[in-house]
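Structure first, commentary second.
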Amino acid sequence: MRRFAAFHFYMDWKKPIRFTISGEKWEIPLNILILLIMITVLLMIFGAWMGFSFGGGKI
């Protein structure tokens, strides 16, 4: 008996995501795909910050 069952969020984080890159078929779990995207975005933000710091002569 759950009171807020309608508001509970269920998601299969291990669901395989299938996609094709240049004719090569790939399959990767959703949680790993999200992890790789987050790492990529963090590295891009850090690289932009470092670029502006070096360009501005702060470092």
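The values are calculated or read from the model by the stated rules, or taken from the named source; none is laboratory data. It should be emphasised that the depicted structure is a prediction, and the values quoted were computed from it without experimental measurement. Backbone-built Cβ (ideal geometry, glycine too); neighbour counts: all protein chains shown. When the accessible area is computed, the model is the full protein with side chains, heavy atoms only, and any ligands, DNA or RNA have been set aside. Shrake-Rupley method; radii C 1.70, N 1.55, O 1.52, S 1.80 Å.
Miscellaneous remarks
- Residues with amide H under 5 Å from that of Ile17, placed H, sequence gap 5 or more: Ile28, Leu30
- Taking all protein chains together and rolling a 1.4 Å probe, Phe54 ends up with roughly 120 Å² accessible.
- Net charge of Cβ neighbours under 9 Å - reference Pro29; Lys, Arg +1; Asp, Glu -1: +1
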